[in-house]
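Everything on this sheet refers to the single structure shown next.
The values are calculated or read from the model by the stated rules, or taken from the named source; none is laboratory data. Predicted model, so just to flag it, every value in this text is computed and none were measured. As a convention, Cβ positions derive from the backbone with ideal geometry for all residues, glycine included, and neighbour counts pool all protein chains shown.
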Amino acid sequence: MKTPGFLLIDKPAGLTSHDVVDRIRRLTGEKRVGHAGTLDPFATGLLIVAVGREATREMKNFSGLDKDYEAIFLLGAESDTDDRTGKIEATSDKRQVTSDEIEMAMQKFIGEIDQVPPTYAAIKIGGKKMYEAAREGKPIVASPRHVTVHAFNLIEITPLQPLPSLTPLLSLRVHISCSSGTYIRAIARDLGRALKTGAYVEDLRRTRIGPIPLTEAVPLSTLNTETVARYLLPIPTLLARLVPALPTS
């Protein structure tokens, strides 16, 4: 298949964004394949994949778009990766928090904020990826980055059974709309510290990139050598939808 275009894919958990790109290369036979907006391996949701030289040249148009997520934060413990894949440890403070306290604390993260990236992040500092340095036992502390959180809404609070050796946990289901470059893991970490309970991301799903909703994406498992062409969107079709959402200079 040599027709260029874009695929809107619902990435499953357990694969890196690069894993998805490799699979699309095999299905299409196209060497020039790229993606917009990395998702952590444990995360799911919308991944925009460009297929072909002409499409990958347009990836810059997606880099600055706002994104929406639904996430589950667990309160009462911390993770060295700020998500469920890391080493989970109980926090020393056993305090209980109310829904009012949680929502008041969440308000502090709405608007323009300075955010320190997670220790296990893919960004490079001094030529070294942060997660590589952390795995070598030499974690790097990044400088704060300026990001914008447009909305941070509490959807549901669920008490959980205490885990062995951990403090009692609360599960928060939240919706976040934010600027490109915002780390949801860092929001969970910082919210937990603000509440003095600790917190980390248990589940993360990207539901929108710019004007493109997850509802238009196809599960990766649906794609094969026969079906992939059916879901390929022409370059002009997708770019036309981005015009109102492109960042202004």
Quick count over the range 30-55, residues being hydrophobic (A, V, I, L, M, F, W, C), free of Cβ contacts under 8 Å to residues at least 60 places away in the same chain and more than 19 Å from Pro213 (Cβ to Cβ), is 1
Taking first residues from the range 95-120 that are acidic (Asp, Glu) and second residues anywhere that are surrounded by 13 or more Cβ atoms within 10 Å (Cβ to Cβ), the pairs with Cβ under 6 Å that are 6 or more apart or on different chains are Glu103/Leu154; Glu112/Thr148
State yes or no: is Val201 modelled with pLDDT of 95 or more, of a type in the set (A, V, I, L, M, F, W, C) and surrounded by fewer than 16 Cβ atoms within 10 Å (Cβ to Cβ)?
-> no
Quick one: how many residues across the range 1-29 are under 24 Å from Gly210 (Cβ atoms), touching a strand residue (DSSP E or B) at 6+ places or on another chain (Cβ under 7 Å) and either of a type in the set (Phe, Trp, Tyr) or free of Cβ contacts under 8 Å to residues at least 40 places away in the same chain (or both)?
-> 4
Please find, among Lys124, Lys128, Lys138, Lys87, the residue that is closer than 30 Å to Arg32 by Cα, over 19 Å from the mean Cα position of the chain (by Cα) and modelled with pLDDT under 95.
-> Lys128
All but one of (1) modelled with pLDDT under 95; (2) surrounded by 16 or more Cβ atoms within 10 Å (Cβ to Cβ); (3) over 22 Å from the mean Cα position of the chain (by Cα) hold for Ala240, so report the exception by its number.
-> (2)
Output the strands (runs of 3 or more DSSP E) that fall wholly within the range 16-99 and possess 3 or more residues being buried (at least 19 other Cβ atoms within 10 Å of the Cβ) and in contact with a Phe, Trp or Tyr (Cβ under 8 Å, 6 or more places away or on another chain), or say none.
-> 44-51, 77-79
